[in-house]
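Here the structure comes first, spelled out in structure tokens, and everything after it is commentary.
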Amino acid sequence: MKQIAQAQVASGAQDYLHSISTGRHTLSADEPVSAGGTDAGPSPYELLLASLGACTAITLRMYAQRKNWDLGSFSVDLQLF
């Protein structure tokens, strides 16, 4: 099976701050101060919502382009309760 994506998550010296590497990109994940983190990056739940939102928007854009539909600008808003 062909690999689609890969990611590495490394723990640092701070409790909840982690470094994420995906291909050429590096980002951080952390917990908010209210949960014991330093808020140095999005929380895992925020990263999850961002991933789902990006996937939805990109899929919609690809579909529209294949149908020659001009969508213009749009946004995907997500909330987790």
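The values are calculated or read from the model by the stated rules, or taken from the named source; none is laboratory data. Computed from a predicted structure; not experimentally measured. In this analysis, Cβ positions are derived from the backbone assuming ideal geometry, glycine residues included, and neighbour counts consider all displayed protein chains. Just so you know, the surface numbers come from the protein's heavy atoms only, side chains and all, with ligands and any DNA or RNA stripped out. Shrake-Rupley method; radii C 1.70, N 1.55, O 1.52, S 1.80 Å.
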Please work out how much accessible surface L17 shows to a 1.4 Å probe, ignoring ligands, DNA and RNA, in Å² rounded to 10.
-> 40 Å²
Find how much the distance from Q14 to S73 grows on full extension, using 0.36 nm per residue of separation minus their present alpha carbon separation; answer in nm with one decimal.
-> 17.4 nm
The answer for the chain, accessible area per residue at 1.4 Å probe in Å², is 84 Å²
Using a simple spin-label model with points 7 Å from Cα along the Cα→Cβ vector, what separation in nm is obtained for S21 and A57?
-> 2.7 nm
Go through [x] 1.39; [y] 1.22; [z] 1.46 and flag the label whose value is the computed Cα Rg over 2.2 N^0.38 Å for this structure.
-> [x]
Using only helices, what value at 222 nm comes out for the chain when you add -39,500 (n - 2.57) per DSSP H run of length 4 or more and divide by the total residues, to the nearest 500 deg cm²/dmol?
-> -10000 deg cm²/dmol
Normalised contact order of the chain, rounded percent, pairs of Cα under 8 Å and 6 or more residues apart | 17 percent
Neighbours of G36 by Cβ distance under 14 Å: Lys/Arg at +1, Asp/Glu at -1, summed charge -4
